[in-house]
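Novice: Once you've had a glance at the structure underneath, I'll fire off some questions.
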Amino acid sequence: MSAIEQAVITWIHLVAAAIWVGGSLFIGIVFSPLLKTMADSMQERMQIMIRVGRRFNKVAVPSLIILMITGLYSSHTLLGKPEFLFSTSYGSFLIIKMILVIALIITYIVHVRVIRKDIEDKIMSNQMPENQIQKLRKKIIILGEITVVLSIAILFFAALLDAGV
């Protein structure tokens with residue numbers, strides 16, 4: 001792969017990472033705490049969060065797909081030589097990064113399944129009891145935190161790989 005080709009792939013990868021990780025951090029650190037000042041009831045806060053989540057997913061999911069494609073493309077040479085995966089620190093870090101990505105995808109799928117369409121419809125139409133909303137909110141927060149931690153860990157391993165460690 002030429003230097004310009006590698007630079008373009010890396011740039012696309014970084015833009016997609018900025019969208020995925022930056023958006024996740026913004027929602028968790030800025031937007032979620034701000035919701036308490038925007039709406040009084042848990043029901044209203046969940047409705048707002050669902051609308052924001054839907055909107056974010058329109059850019060987040062394609063970004064995550066782009067991250068996986070560009071990541072696999074960038075590492076396809078090494079992935080074709082399993083002996084290097086297990087005999088170099090670069091290969092070990094790449095394996096760890098791939099495991100973290102798989103964990104991230106699983107966590108994201110669980111997160112999406114927790115707020116499936118029927119649950120979302122109940123919340124949006126004010127048909128879900130407050131105690132159920134509270135339990136759902138706790139699950140969503142935990143899954144969101146796991147997503148952010150995994151995303152930041154993946155970025156760390158990407159930095160190690162980029163440094164050639």
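The values are calculated or read from the model by the stated rules, or taken from the named source; none is laboratory data. Owing to the predicted nature of the structure, the values given are computational and were not obtained by experimental measurement. Every residue, glycine as well, gets a Cβ built from its backbone with ideal geometry; the counts of neighbours run over all protein chains shown.
Novice: With the structure loaded, tell me whether I19 is in contact with a Phe, Trp or Tyr (Cβ under 7 Å, 6 or more places away or on another chain), assigned to a helix (DSSP H, G or I) and crowded, with 16+ Cβ neighbours inside 10 Å or whether it fails that test.
Specialist: Spelling it out, it is not the case that I19 is in contact with a Phe, Trp or Tyr (Cβ under 7 Å, 6 or more places away or on another chain), assigned to a helix (DSSP H, G or I) and crowded, with 16+ Cβ neighbours inside 10 Å.
Novice: Can you name the residue in the range 108-134 that is among the acidic types (D, E) and over 21 Å from the mean Cα position of the chain (by Cα) and is also surrounded by the most Cβ atoms within 10 Å (Cβ to Cβ) among such residues?
Specialist: D121
Novice: If I filter the range 114-136 down to residues being modelled with pLDDT of 90 or more and basic (K, R), which single residue comes out as nearest to P82 (Cα to Cα)?
Specialist: Residue satisfying both the conditions and the ranking: K135.
Novice: Right, something else. Test each condition in (1) in contact with a Ser or Thr (Cβ under 8 Å, 6 or more places away or on another chain); (2) closer than 18 Å to R55 by Cα for T107 and report the one that comes out false.
Specialist: Of the numbered conditions (1) in contact with a Ser or Thr (Cβ under 8 Å, 6 or more places away or on another chain); (2) closer than 18 Å to R55 by Cα, the odd one out for T107 is (2).
Novice: Within the range 1-45, take every residue that is under 22 Å from F157 (Cα atoms) and of a type in the set (F, W, Y) and give me the one that is farthest from the chain's Cα centre (by Cα).
Specialist: So the residue we want is W11.
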